[in-house]
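Single-structure report; data block below.
Each value in this text was obtained by applying a stated rule to the coordinates, not by laboratory testing. Note that the coordinates shown come from a computational prediction; the quantities given were computed from them, not determined experimentally. Cβ: placed from backbone, ideal geometry, glycine included. Neighbour counts: every protein chain shown.
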Amino acid sequence: MEVVVIGRQWLRSGTSVAANYWEASRARSDAEFKWSSGIGGSYAETPRREGRPA
């Protein structure tokens, strides 16, 4: 059962990455593409502060 749950999560995350890339590829300029495709990384690289929810 646990393998099925992990498999579904993996599938959803893979399709999410593809959807985000497709959306960014519709950008009108190189700068807009870089901004669109890099916005998720900026949140992932932000360090957590104490007292702030994870």
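The table below lists the values:
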{"quantity": "Cβ-Cβ FRET estimate between A27 and V5, R0 fixed at 35 Å, reported to 0.05", "calculated": "0.50"}
{"quantity": "Exposure proxy ranking, count of Cβ atoms within 10 Å, fewest first, for E2, E23", "calculated": "E2, E23"}
